[in-house]
Amino acid sequence: MTDRRRRIDLVLEPEYLADLDKIDLEELKRRRDTAEDVEAQVSYYRRLLHGRMDLLAFEMRRRSGEENRSLIEALPEILASGMVMGGEPSPRYIETMPPIPSTTGRRLIDRIMDDGVLTQLPELDDDEVAEAIDRLGEVETQLSGQRRQLHAVIDAIQQEIVARYRSQQGEAAASG
């Protein structure tokens, strides 16, 4: 039977890090690369969520009278304010996107995460927009937790790889 678990679930299982010292170097590198790819996917979704949350927050300010510009007029500024310049490595090529978590009201998240968010926004009342911000915040918190866990996995594997290289260097120096 084929294993249909998501890659993030596999990477975050304790077995993924079990007995790292007994795994060959190529397998360690493969596991690290897989974990890094999954982390890049989670980071990508976090950036999407942040962008949507920024758009919704602007719309709430506009509706309350704190902002006079339309969402379309402010869009370049809103999107640019969420960009990190030079602080993070370039995103890796992402082959497949993980599913958006479904534990926080998927229907509303689907509506907000859809690329047509700007056309749907006028149809949402203030309570729906506020609820969407809250739910997106919950998903962002979940993704941030997963990202921290993934960093711990990547760090553990990388430490084992570095230890192996140092050991090899030490052996070469001792014999030379």
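The values are calculated or read from the model by the stated rules, or taken from the named source; none is laboratory data. Only a predicted model underlies this, so the values are computations on that prediction, with no experimental measurement involved. Please note: Cβ atoms are built from the backbone with ideal geometry, for glycine as well, and neighbour counts cover all protein chains shown.
Overview of values
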quantity: Among (1) modelled with pLDDT of 70 or more; (2) in contact with a helix residue (DSSP H, G or I) (Cβ under 8 Å, 6 or more places away or on another chain); (3) assigned to a helix (DSSP H, G or I), the one test that residue 67 misses; calculated: (3)
quantity: Criterion: more than 30 Å from residue 157 (Cα to Cα), modelled with pLDDT under 85 and assigned to a helix (DSSP H, G or I) - qualifying residue of 80, 57, 74; calculated: 80
quantity: Failed item, numbered, when residue 141 is tested on (1) over 16 Å from residue 47 (Cα atoms); (2) out of contact with any Ser or Thr (no Cβ under 9 Å at 6 or more places or on another chain); (3) at pLDDT 80 or above; calculated: (1)
quantity: Matching residues in the range 9-22 - criterion: being surrounded by fewer than 17 Cβ atoms within 10 Å (Cβ to Cβ) and not hydroxyl-bearing (Ser, Thr, Tyr); calculated: 9, 10, 13, 14, 15, 18, 19, 21, 22
quantity: Residue in the range 17-35 that is farther than 26 Å from residue 166 by Cβ and of a type in the set (Val, Ile, Thr) present; calculated: no
quantity: Residue count, the range 144-173 (criterion: closer than 30 Å to residue 48 by Cβ, among the charged types (D, E, K, R) and loosely packed, with under 15 Cβ neighbours inside 10 Å); calculated: 2
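Here's the yes/no breakdown for (1) of a type in the set (D, E, K, R); (2) free of Cβ contacts under 8 Å to residues at least 12 places away in the same chain; (3) at positive phi:
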{"site": "127", "(1), (2), (3)": "yes, yes, no"}
{"site": "139", "(1), (2), (3)": "no, no, no"}
{"site": "145", "(1), (2), (3)": "no, yes, no"}
{"site": "158", "(1), (2), (3)": "no, no, no"}
